[in-house]
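Asks: Following this message is one structure expressed as structure tokens.
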Amino acid sequence: MVSEEYEKINIAVSLLETACKLYKKDDFFAVINLAGASEEILGKYLKARGKKNALESDREALVAINKYFGKDLTNEKATIILNYVKNALKHYNGIDDSDKFILMDAQSDSSYLLVRALTNLWRLEMELTPIMNEVWEMIEKR
């Protein structure tokens with residue numbers, strides 16, 4: 001076998017393409033993992049270019065809304081809230097029963113992570129593929 005070098009932005013696009021295909025098949029757990037990984041890579045590319053990523057935008061909004069209602073929410077806590085499903089789905093502590101289950105709306109949570117990933121791709125001024133556009137429209141209708 002021969003090792004090859006892959007650019008991570010291309011990996012992120014491939015993960016996002018696959019997530020979109022699986023979204024159409026209602027494979028929401030796989031979508032959350034694939035879209036989450038893609039969103040994170042693309043978000044870091046945006047940060048490296050001095051641009052705001054989707055997570056940062058959502059975090060700012062969540063903090064601002066909480067402030068409006070007189071609640072103090074740190075950026076760190078907001079990030080934990082926004083990434084809860086993505087992180088909880090891929091980790092299991094194996095210590096206690098409380099971590100054996102996750103309460104979530106798989107369709108909504110997968111849609112949310114897809115939107116974040118697609119938003120980051122768009123903010124990088126990269127073209128969305130036909131299946132990405134199709135899934136975006138599916139999400140808008142749900």
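Asks: Determine whether Ile139 is at pLDDT 95 or above and surrounded by fewer than 14 Cβ atoms within 10 Å (Cβ to Cβ).
Replies: No, not satisfied.
Asks: Report yes if Leu103 is part of a helix (DSSP H, G or I) and hydrophobic (A, V, I, L, M, F, W, C), otherwise no.
Replies: On the way: part of a helix (DSSP H, G or I): no; hydrophobic (A, V, I, L, M, F, W, C): yes.
In short, no.
Asks: Can you tell me which residue is nearest to the chain's Cα centre (by Cα) among those in the range 7-26 that are under 21 Å from Gln107 (Cα atoms) and acidic (Asp, Glu)?
Replies: Across the range 7-26, the extreme among qualifying residues is Glu17.
Asks: Would you please list the contacts, defined by Cβ atoms under 6 Å and residues six or more apart or on different chains, that run from a residue in the range 74-96 that is among the hydroxyl-bearing types (Ser, Thr, Tyr) to a residue that is surrounded by 12 or more Cβ atoms within 10 Å (Cβ to Cβ)?
Replies: Here the result reads Thr79/Arg59; Tyr92/Asp99, each pair linking the range 74-96 to a residue that is surrounded by 12 or more Cβ atoms within 10 Å (Cβ to Cβ).
Asks: If you go through the range 88-100, how many residues are closer than 19 Å to Ala30 by Cα and not in a helix (DSSP H, G or I)?
Replies: 3
Asks: Hey, among the residues in the range 47-98 that are among the β-branched types (Val, Ile, Thr) and either loosely packed, with under 11 Cβ neighbours inside 10 Å or in contact with a helix residue (DSSP H, G or I) (Cβ under 9 Å, 6 or more places away or on another chain) (or both), which one's modelled with the lowest pLDDT?
Replies: Per the stated criteria, the residue is Ile95.
Asks: Scan Glu125, Glu134 and give me the residue that is closer than 18 Å to Ser14 by Cβ and surrounded by fewer than 18 Cβ atoms within 10 Å (Cβ to Cβ).
Replies: The conditions single out Glu134.
Asks: Still on this structure, please answer the following. Suppose we filter the range 16-38 for residues that are farther than 20 Å from Tyr84 by Cβ and among the hydrophobic types (A, V, I, L, M, F, W, C); how many remain?
Replies: Residues flagged as farther than 20 Å from Tyr84 by Cβ and among the hydrophobic types (A, V, I, L, M, F, W, C) within the range 16-38 amount to 3.
Asks: Search the range 22-35 for residues that are farther than 16 Å from Arg116 by Cβ and pair each with any residue that is acidic (Asp, Glu) and part of a helix (DSSP H, G or I) when their beta-carbon atoms are under 9 Å apart and the residues are at least 6 apart or on different chains.
Replies: Lys24/Glu134
Asks: For the range 1-36, enumerate the residues that are of a type in the set (Val, Ile, Thr) and closer than 14 Å to Leu121 by Cα.
Replies: Ile9, Ile11, Val13
The values are calculated or read from the model by the stated rules, or taken from the named source; none is laboratory data. These numbers come from a predicted model, not from an experiment. Neighbour counts are summed over all protein chains in view; Cβ atoms, including those assigned to glycine, are modelled from backbone coordinates with ideal geometry.
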